[in-house]
Amino acid sequence: FYGIMESDPVQTCLDIAFDFSAMGRYEDVIKLISGIPNQKKNKMAYYTLGYYKYLCGMDGSEDYKKAETAMLGFSYPLRFEEIAILTDVIEKTDSQCAKMLLGCLYYNKLHYEKAAELMEQIRRRRSE
């Protein structure tokens, strides 16, 4: 299934995953994202997997950790559902990468003040 996709399998699977999520089918989200070959998973795939594991009462911390070393690749969060995911990652891990991705997403959605606040947090952390 994943190998025959002409588009980026991660982005396609995230689109499908958020459709499953809207139907309350969180376990199907986990199965779908888990099936993406590891070498193709980017940060958003791991963040999404961990988030839905938490929603199902499982431990998603390992996926959040894997995201930190995963390739950034074509991680371009643009879906409103990704705001909740990245916010959860930041609350649980204080991930600078998740802050950057959420800042980009807020900027894309014209929430410039929220985006600037996150980018300023990253800048302050780097200068420490």
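The values are calculated or read from the model by the stated rules, or taken from the named source; none is laboratory data. The structure displayed is predicted, hence computed values, not measured ones. Note: ideal-geometry Cβ built from the backbone for every residue, glycine included; neighbour counts use all protein chains shown. Surface accessibility is based on the protein's heavy atoms, side chains included, excluding ligands, DNA and RNA. Shrake-Rupley method; radii C 1.70, N 1.55, O 1.52, S 1.80 Å.
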Which residue pairs have Cβ atoms under 7 Å apart, sit 6 or more places apart or on different chains, and have a first residue in segment 8-30 that is within 12 Å of MET44 (Cβ to Cβ) and open to solvent by 30 Å² or more (accessible area, probe 1.4 Å) and a second that is of a type in the set (A, V, I, L, M, F, W, C) and in a loop (DSSP other than H, G, I, E, B)? ASP8/PHE74
Those residues of segment 61-92 which are basic (Lys, Arg) and within 22 Å of LEU110 (Cβ to Cβ), in sequence order: ARG79
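Among the listed residues GLU91, GLU113, GLU81, identify the single one that is open to solvent by 70 Å² or more (accessible area, probe 1.4 Å), touching a helix residue (DSSP H, G or I) at 6+ places or on another chain (Cβ under 9 Å) and over 20 Å from ASP19 (Cα atoms). Steps first, answer last, please.
Numbers: GLU91 fails: touching a helix residue (DSSP H, G or I) at 6+ places or on another chain (Cβ under 9 Å); GLU81 fails: over 20 Å from ASP19 (Cα atoms).
Checking each option against the conditions leaves just GLU113.
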Among all residue pairs at least 6 apart or on different chains, which show Cβ distances below 8 Å where the first residue, located in segment 39-51, is among the hydroxyl-bearing types (Ser, Thr, Tyr) and the second is assigned to a helix (DSSP H, G or I) and open to solvent by 10 Å² or more (accessible area, probe 1.4 Å)? TYR46/LYS66; TYR51/ALA84; TYR51/ASP88
Given (1) more than 13 Å from the chain's Cα centre (by Cα); (2) under 16 Å from LEU105 (Cβ atoms), TYR47 misses just (1)
